[in-house]
Amino acid sequence: MDASAAKLLGAGLSMGLGAIGPGVGLGILIGKALEGIARQPEVSGDIRTNMFIGIGVTEAVALYAFVVALILIFVAK
Amino acid sequence: MLKRVPRWAKLIGVIVVLVGLALIPGRAKQQLEVAKEFELTPIVKLPHVGPVDLSINKAVVYLWIATAVITVAALVINRTLKSRPGRFQLAMEGLYELARNGIVGSVMKSGADTWFPYIGAAFVFVLVSNVIGLVPLPFAEHNQLGFYAATANLYVTLTLALFTFAFTHYAGIKKNGPVHYFKNWMPKGAPPVLREFIFVIHGVSEIFRLVSLSVRLFANMVAGHAILAVFFAMALIFQSYLAAAILQGGSAMIYLFEIFVAVIQAFIFAILSAVYIGGALEQEH
């Protein structure tokens, strides 16, 4: 396997494996938020705002994997 | 009129159309380079000033368009305010209401009035540039119609995130004083060596906020546009009208999803900016 193939393989693996954790986390997060909204519809506005903050923070983990993938493709030699 | 046609007739009609499309021979093979959609080639060449290239490219034009749209909308709404709002005024009031109460009001405890102008402006700017990215404009190769968004460019999103980064620390230092502000990065009860360690970790996390804030917006816009481009490219590669029809249906679905993503990403950018600035203002004592 030459270096460029390994680079592309590593980029794909880093993005794919790095998306597993945030995917599970987002599922749990949004599921719990919906549970809360179903239980107490009167505070749905607050729950939704906090859910988006949580989504932003959880997504960041996947974004680090994305950055690593980009670095592997475009920067690494 | 369509209601009288029985369901089986409609089904047969769809099948006949699909078979007909499959029988038509495809056109000559064409290529669409997906990565080329994001390349920035200068439209108007201008000289370098030091290390800075002043050439006008696609991203600059899209930024100008977003600015022009916001300016015109603001001027129009300013001149035509009525006590009985029309449709346009209702939409603008809804946008303002969302930014004021939904984003700033619900996240920031103090300083909401001071920082609403920045966060509201960032929200509207990101929203408009995201949505303009979904309008086909003639700035692709050879002046063809194409999709591009100013926010599908890391330099633009990084600049926006740098504004939030700078304002966060400016707000924190101005409110609490520099000594107090940086002291609050260390927890009070921790033992001596651990405290400095936590200080360094906190500093690193501040830098990574900058990275995640900019890359989130950039990655979401690039991914959406890349998927649309891949669907178009696949239709060209398969060389069959059947595949093209199905793929165009799929890309229409993705287009609708991209409208949702454009709004959500603007919302998340603004709300995280509000959280960061609010967090710098509210220090535990």
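The values are calculated or read from the model by the stated rules, or taken from the named source; none is laboratory data. This one's a predicted model, so the numbers in the text were calculated from it and none came from an experiment. All Cβ positions, glycine included, derive from the backbone under ideal geometry; neighbour counts span all protein chains shown.
Residues that are surrounded by 11 or more Cβ atoms within 10 Å (Cβ to Cβ), of a type in the set (Val, Ile, Thr) and in contact with a strand residue (DSSP E or B) (Cβ under 9 Å, 6 or more places away or on another chain) occur in segment B:41-59; there is at least one. Tell me whether segment A:25-38 contains one or more residues that are more than 14 Å from every other protein chain (Cβ to nearest Cβ), part of a helix (DSSP H, G or I) and either in contact (Cβ under 8 Å) with a residue 60 or more places away in the chain or within 15 Å of A:Ala62 (Cα to Cα) (or both). Yes, there is a match, as at least one residue in segment A:25-38 is more than 14 Å from every other protein chain (Cβ to nearest Cβ), part of a helix (DSSP H, G or I) and either in contact (Cβ under 8 Å) with a residue 60 or more places away in the chain or within 15 Å of A:Ala62 (Cα to Cα) (or both). For segment B:158-200, filtering for residues that are assigned to a helix (DSSP H, G or I) and either under 27 Å from B:Trp115 (Cα atoms) or in contact (Cβ under 8 Å) with a residue 60 or more places away in the chain (or both) leaves 26. Given the conditions (1) within 16 Å of A:Phe52 (Cβ to Cβ); (2) modelled with pLDDT under 90; (3) away from chain A (no Cβ under 14 Å), which single one is not true for B:Gly279? Of the numbered conditions (1) within 16 Å of A:Phe52 (Cβ to Cβ); (2) modelled with pLDDT under 90; (3) away from chain A (no Cβ under 14 Å), the odd one out for B:Gly279 is (3). Contact annotation: residue pairs with Cβ atoms under 8 Å, 6 or more positions apart or on different chains, pairing a residue in segment B:116-130 that is touching a residue at least 40 places away in the same chain (Cβ under 8 Å) with a partner that is not in a helix (DSSP H, G or I), are B:Val126/B:Thr151; B:Ser129/B:Ala149; B:Ser129/B:Ala150; B:Ser129/B:Thr151; B:Asn130/B:Ala149; B:Asn130/B:Thr151. When B:Ala149 is tested against the conditions (1) in a loop (DSSP other than H, G, I, E, B); (2) closer than 25 Å to B:Glu282 by Cα, the lone failure is (2). Annotation: of all residues in segment A:46-69 being charged (D, E, K, R) and at the interface with chain B (Cβ under 8 Å from one of its Cβ atoms), the one that is nearest to the chain's Cα centre (by Cα) is A:Glu59.
Could you check, for segment A:41-59, whether at least one of its residues is at pLDDT 90 or above, surrounded by fewer than 13 Cβ atoms within 10 Å (Cβ to Cβ) and of a type in the set (Asp, Glu)? Yes, segment A:41-59 contains at least one residue that is at pLDDT 90 or above, surrounded by fewer than 13 Cβ atoms within 10 Å (Cβ to Cβ) and of a type in the set (Asp, Glu).
Taking the listed residues B:Ala223, B:Ala219, the one that is at pLDDT 85 or above and buried (at least 20 other Cβ atoms within 10 Å of the Cβ) is B:Ala219, with no other qualifying. Can you go through B:Ile268, B:Ile237, B:Ile254 and tell me which one is out of contact with any strand residue (DSSP E or B) (no Cβ under 9 Å at 6 or more places or on another chain), of a type outside the set (Ser, Thr, Tyr) and within 14 Å of another protein chain (Cβ to nearest Cβ)? That would be B:Ile268, the only listed residue that is out of contact with any strand residue (DSSP E or B) (no Cβ under 9 Å at 6 or more places or on another chain), of a type outside the set (Ser, Thr, Tyr) and within 14 Å of another protein chain (Cβ to nearest Cβ). Is it the case that some residue within segment B:194-201 is farther than 30 Å from B:Leu21 by Cβ, loosely packed, with under 15 Cβ neighbours inside 10 Å and within 14 Å of chain A (Cβ to nearest Cβ)? No: zero hits.
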